[in-house]
Amino acid sequence: MVDQAQKYYVPEPSRYPIFGSIALLLMASGAVMWMNNVGAGKAVLAAGVLVLIYMLFGWFGAVIRENESGKYNKRVDTSFRWSMSWFIFSEVMFFAAFFGALFYARAISVPDLGSLEHRQLLWPNFAPRWPESVAPGGMDPFQPMEAWGIPAINTLILLTSGATLTWAHWGLIANRRGQLKLGLVLTILLGVLFLGLQAYEYVHAYTEMNLKLSTGIYGSTFFMLTGFHGLHVTIGATMLIVILGRVLRGHFKPEDHFGFEAVAWYWHFVDVVWLMLFVVVYWL
Amino acid sequence: MEATHVHGAEHAHEHHPSGIMRWITTTNHKDIGTLYLWFSLIMFFTGGVMALVIRAELFQPGLQVTEPEFYNQLVTMHGLVMVFGAIMPAFVGFANWQIPLMIGAPDMAFARMNNWSFWLLPPAALLLIGSFFVPGGATAAGWTLYAPLSVQMGVGMDMAIFAVHIMGISSIMGAINIITTVLNMRAPGMTLMKMPLFCWTWLITAYLLIAVMPVLAGAVTMILTDRHFGTHFFNAAYGGDPIIYQHVFWFFGHPEVYIMILPAFGIVSQVIPTFARKPLFGYASMVYATASIAILSFIVWAHHMFVTGMPVAGQLYFMYATMLIAVPTGVKVFNWVATMFKGSMTFETPMLWATGFIFVFTMGGFTGLMLAIAPLDIQLQETYYVVAHFHYVLVAGSLFALFAGTYYWLPKWTGHMYDEKLGKWHFWLSMISFNVAFFPQHFLGLAGMPRRMPDYALQFANFNEVSTIGAMVFGFSQLILLWVVLKAIRGGEKAPAKVWEGAEGLEWTVPSPAPHHTFEEPPVVK
């Protein structure tokens with residue numbers, strides 16, 4: 001059995017991946033149907049989401065059980081570390097595509113729409129100015145999002161949540177479980193508060209500021225970037241809740257708690273993306 | 001399913017599902033590699049049929065076989081199916097089979113995720129191929145899915161977008177798995193600079209995948225929201241710009257072409273030393289050249305966009321940066337030639353493919369250099385010259401290397417020698433017909449024949465006839481491969497552990513066929 005512990009754990013055949021594939025097929029077909037008003041698209045999409053949730057519960061549950069029963073050695077732990085960092089890198093690149101679109105629009109395409117050529121050939125009266133005036137084809141007036149209201153508060157909230165999470169981590173390392181639990185609860189609450197304020201901001205934008213997804217390239221980049229960020233905060237908060245549940249069940253040891261660390265990395269990544277957003281989407 | 005009890009390796013193999021469930025639930029890298037390879041072969045024939053319909057239409061001027069709209073769908077789907085369905089999964093299949101064997105690992109680092117990476121592909125293929133049968137048919141915007149055309153199309157476009165998303169998820173998970181396996185699962189003594197070059201090229205390719213597949217996902221997401229949710233990324237009247245799509249797409253697209261060629265370099269770098277019976281010349285320089293190509297691939301993307309409009313300074317930058325890639329690629333070609341220099345060479349089928357690869361791939365590389373020259377590219381953009389160029393690098397490059405690898409490792413996978421005579425027929429028929437099919441397309445392009453058109457002016461008729469004949473022979477020659485593979489699976493001369501006299505590496509220390517589980521005790525590499 002000593003030898004066994006040195007071995008790299010290779011899991012038994014598993015039925016979870018195929019459920020994941022079925023889930024994504026259902027979700028994709030459902031979404032296609034829904035977007036094109038064919039049949040019961042929403043129902044198919046919802047069915048896909050349910051299968052995905054079943055798969056995530058089963059799969060992560062299996063991983064947690066395997067971990068708790070001591071099947072993972074140091075090497076498996078290293079594998080998790082490599083994979084989580086590169087997964088986060090792939091997420092960074094996903095955001096990079098949208099930041100790239102924003103930079104291109106602000107630095108090149110919108111100024112160019114007011115160039116002499118465009119004035120002569122297409123839109124004689126267009127004077128580009130980010131973000132108020134970006135649409136030469138004309139658009140309902142709207143009010144751009146201010147940086148120094150809710151967004152600044154949200155920045156403080158997310159930065160604080162990063163600190164509380166690190167404080168929880170210190171508690172875990174020092175085996176002060178109370179501090180760990182309190183830190184996690186605070187982090188989750190701050191995350192939820194952030195999401196609430198973000199939702200409030202969206203409602204405000206739609207109802208009072210006439211700022212919508214369709215408000216030219218400004219509205220498109222604003223809502224897509226902050227929307228995908230919000231989605232990632234939701235995922236991060238969900239993962240934190242799972243971690244809290246595991247902490248309450250007595251999981252994680254001071255010297256072995258990569259599940260916690262992975263979620264903490266993810267949370268800090270979400271934090272950093274927000275700082276980028278705050279600077280280039282809201283402020284500048 | 002998830003056994004919670006700890007059990008020894010000796011009875012770990014017993015309660016495995018059998019039949020179809022074995023393949024659906026498998027966590028074995030060899031099973032998953034086999035699945036990948038069969039999937040890519042099916043997609044290769046699917047995309048191949050589309051290519052033959054395209055060539056049939058082009059046999060004569062005028063419209064004979066297809067409607068123009070359907071022709072555009074075929075061109076688009078041929079590209080998407082071959083790139084995402086055939087070439088990329090085939091290389092991942094090789095990675096699955098070979099990387100653990102080559103570095104002395106018991107399996108891939110994440111065996112269950114490995115299964116999911118594969119099993120995401122059939123749903124994606126279903127969406128992609130299924131889009132032919134929905135109202136409006138498949139997407140016809142070209143494999144690049146350029147906006148604004150892609151913003152306007154029907155249901156098939158949405159299906160293609162989601163197929164790309166799902167294949168992207170699969171690729172990212174596969175890449176993370178490969179990186180983790182290579183960095184963390186090597187046997188004791190297998191240092192990075194001792195690693196077979198195939199593993200090196202895949203490590204670097206995996207980084208490319210992780211860096212650019214999410215960018216593609218972002219690009220097609222923008223199309224999706226422009227189509228259905230009222231965003232205006234690609235609408236100039238609202239401050240967007242269709243060129244944003246081109247930039248974001250080619251930031252993915254250029255590394256993507258190296259994703260499809262670097263593992264091919266890796267396979268060729270395994271095959272040539274074996275049949276030259278000499279170690280690979282300039283191993284370290286090969287590693288650095290691979291890394292250089294990968295890094296350069298991120299800063300050259302706009303050479304695909306010389307005619308969409310950019311400042312002269314931009315054209316010059318992208319032109320010179322692109323030409324720079326010829327340097328590390330040249331290092332590779334010269335190293336392969338130097339490996340063969342004064343070697344005691346024999347030309348079994350894998351070596352035929354590998355040497356054939358060097359000839360024809362290098363020609364594709366040269367036409368690539370010509371296309372990199374901005375003033376020339378402005379003439380050649382969207383002509384058959386481009387079609388000839390990328391088929392020389394993708395068919396004669398990636399695909400020929402895949403064939404080399406298939407013949408090279410098939411005895412290890414099946415336990416039987418393949419039929420050498422059939423293999424040689426496959427090679428010579430393919431090699432000759434490939435050139436008959438695609439070499440005339442250079443002339444067509446230089447003469448100005450536009451690509452993605454079902455009809456053409458009369459003066460292009462002769463070269464098109466020749467090209468179609470070549471393509472038909474090439475297409476049907478591939479059935480020989482299927483025959484060879486099936487024959488080797490069913491029987492044939494028993495293959496020894498070390499199939500090739502000059503072969504080096506851990507995969508040749510295990511029996512042929514490789515047992516279901518290998519290197520459960522890591523070997524020690526001196």
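Table for the structure above
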quantity	calculated
Close pairs (6 angstrom Cβ cut-off, 6 or more residues apart or separate chains): among the basic types (Lys, Arg) in segment B:55-66, crowded, with 16+ Cβ neighbours inside 10 Å anywhere	B:ARG55/B:THR468; B:ARG55/B:ALA471
Pairs, first farther than 30 Å from A:ASP140 by Cα in segment A:182-209, second aromatic (Phe, Trp, Tyr), C-beta under 7 Å, six or more apart	A:GLY183/A:TRP167
Residue check, B:ASN96 under 12 Å from B:HIS29 (Cβ atoms) and within 12 Å of chain A (Cβ to nearest Cβ)	no
Residues of segment A:228-264 classified as open to solvent by 20 Å² or more (accessible area, probe 1.4 Å) and either more than 18 Å from A:TYR72 (Cβ to Cβ) or part of a strand (DSSP E or B) (or both), total	12
Which listed residue is at the interface with chain A (Cβ under 7 Å from one of its Cβ atoms), among the β-branched types (Val, Ile, Thr) and either assigned to a helix (DSSP H, G or I) or in contact with a Ser or Thr (Cβ under 8 Å, 6 or more places away or on another chain) (or both), from B:THR231, B:THR221, B:THR205	B:THR231
Looking only at segment B:43-94, and only at residues there that are among the charged types (D, E, K, R) and part of a helix (DSSP H, G or I), the one that is surrounded by the most Cβ atoms within 10 Å (Cβ to Cβ)	B:GLU57
Total residues in segment A:144-202, condition closer than 22 Å to A:LEU275 by Cα and outside any helix (DSSP H, G or I)	6
Extreme residue, farthest from A:VAL32 (Cα to Cα), among residues of segment B:153-165 that are touching a residue at least 40 places away in the same chain (Cβ under 8 Å) and more than 8 Å from chain A (Cβ to nearest Cβ)	B:VAL164
Single condition A:VAL38 does not satisfy, out of (1) among the aliphatic types (A, V, I, L, M); (2) in a helix (DSSP H, G or I); (3) facing another protein chain (nearest Cβ under 8 Å)	(2)
Residue under evaluation B:PHE198, criteria (1) at the interface with chain A (Cβ under 10 Å from one of its Cβ atoms); (2) in a helix (DSSP H, G or I), criterion not met	(1)
Members of segment A:109-118 found to be within 40 Å of the chain's Cα centre (by Cα) and of a type outside the set (A, V, I, L, M), listed by number	A:SER109, A:PRO111, A:ASP112, A:GLY114, A:SER115, A:HIS118
Failed criterion for A:TRP86 (all others in (1) open to solvent by less than 60 Å² (accessible area, probe 1.4 Å); (2) more than 30 Å from A:MET224 (Cα to Cα) hold)	(2)
Residue in segment B:166-186 that is charged (D, E, K, R) and within 8 Å of chain A (Cβ to nearest Cβ) present	no
Selection count, segment A:203-221, where residues are surrounded by 17 or more Cβ atoms within 10 Å (Cβ to Cβ) and assigned to a helix (DSSP H, G or I)	7
Selected residue [open to solvent by 10 Å² or more (accessible area, probe 1.4 Å), modelled with pLDDT under 95, farther than 30 Å from B:LYS421 by Cβ and among the aliphatic types (A, V, I, L, M)] from B:MET323, B:MET310, B:MET319	B:MET310
Sole residue being assigned by TED's automatic domain parsing to the domain that holds A:LEU248 and within 17 Å of the chain's Cα centre (by Cα), chosen from A:ALA199, A:ALA152	A:ALA199
Extreme residue, nearest to B:TYR283 (Cα to Cα), among residues of segment B:486-526 that are open to solvent by 20 Å² or more (accessible area, probe 1.4 Å) and not in a loop (DSSP other than H, G, I, E, B)	B:LEU506
Qualifying helices (runs of 4 or more DSSP H) (wholly inside segment A:49-127; at least 3 residues being of a type in the set (A, V, I, L, M, F, W, C) and touching a helix residue (DSSP H, G or I) at 6+ places or on another chain (Cβ under 6 Å))	A:74-104
Residue match in segment B:183-198 (condition: of a type in the set (Phe, Trp, Tyr) and open to solvent by 10 Å² or more (accessible area, probe 1.4 Å))	no
Residue list for segment B:234-256, restricted to those being open to solvent by less than 10 Å² (accessible area, probe 1.4 Å), at the interface with chain A (Cβ under 10 Å from one of its Cβ atoms) and either over 17 Å from A:THR221 (Cβ atoms) or assigned to a helix (DSSP H, G or I) (or both)	B:ILE244, B:TYR245, B:PHE249, B:PHE252
Enumeration of residues in segment A:125-148 that are more than 14 Å from chain B (Cβ to nearest Cβ), over 16 Å from A:GLY219 (Cβ atoms) and open to solvent by 30 Å² or more (accessible area, probe 1.4 Å)	A:TRP148
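Let's see how each residue does on (1) part of a helix (DSSP H, G or I); (2) open to solvent by less than 10 Å² (accessible area, probe 1.4 Å); (3) without any contact (Cβ under 8 Å) to a residue 12 or more places away in the chain; (4) within 14 Å of another protein chain (Cβ to nearest Cβ):
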site: B:LEU209; (1), (2), (3), (4): yes, yes, no, yes
site: B:ALA217; (1), (2), (3), (4): yes, no, no, yes
site: B:TYR258; (1), (2), (3), (4): yes, no, no, no
site: B:GLY266; (1), (2), (3), (4): yes, yes, no, no
site: B:PHE275; (1), (2), (3), (4): yes, yes, no, no
site: B:ALA284; (1), (2), (3), (4): yes, no, no, no
site: B:HIS303; (1), (2), (3), (4): yes, no, no, no
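Conditions tested, residue by residue: (1) more than 10 Å from chain B (Cβ to nearest Cβ); (2) of a type in the set (Lys, Arg); (3) open to solvent by 40 Å² or more (accessible area, probe 1.4 Å); (4) more than 28 Å from the chain's Cα centre (by Cα).
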{"position": "A:TYR9", "(1), (2), (3), (4)": "no, no, yes, yes"}
{"position": "A:GLU12", "(1), (2), (3), (4)": "no, no, no, yes"}
{"position": "A:SER21", "(1), (2), (3), (4)": "no, no, no, no"}
{"position": "A:ALA28", "(1), (2), (3), (4)": "no, no, no, no"}
{"position": "A:VAL32", "(1), (2), (3), (4)": "no, no, no, no"}
{"position": "A:LYS42", "(1), (2), (3), (4)": "yes, yes, yes, no"}
{"position": "A:LEU56", "(1), (2), (3), (4)": "yes, no, yes, no"}
{"position": "A:ALA62", "(1), (2), (3), (4)": "no, no, no, no"}
{"position": "A:SER79", "(1), (2), (3), (4)": "no, no, no, no"}
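The values are calculated or read from the model by the stated rules, or taken from the named source; none is laboratory data. In this text the structure is predicted, and so the values were computed from the model without any measurement. In this analysis, Cβ positions are derived from the backbone assuming ideal geometry, glycine residues included, and neighbour counts consider all displayed protein chains. Just the protein is used for accessible areas: all its heavy atoms, side chains included, with ligands, DNA and RNA removed. Shrake-Rupley method; radii C 1.70, N 1.55, O 1.52, S 1.80 Å.
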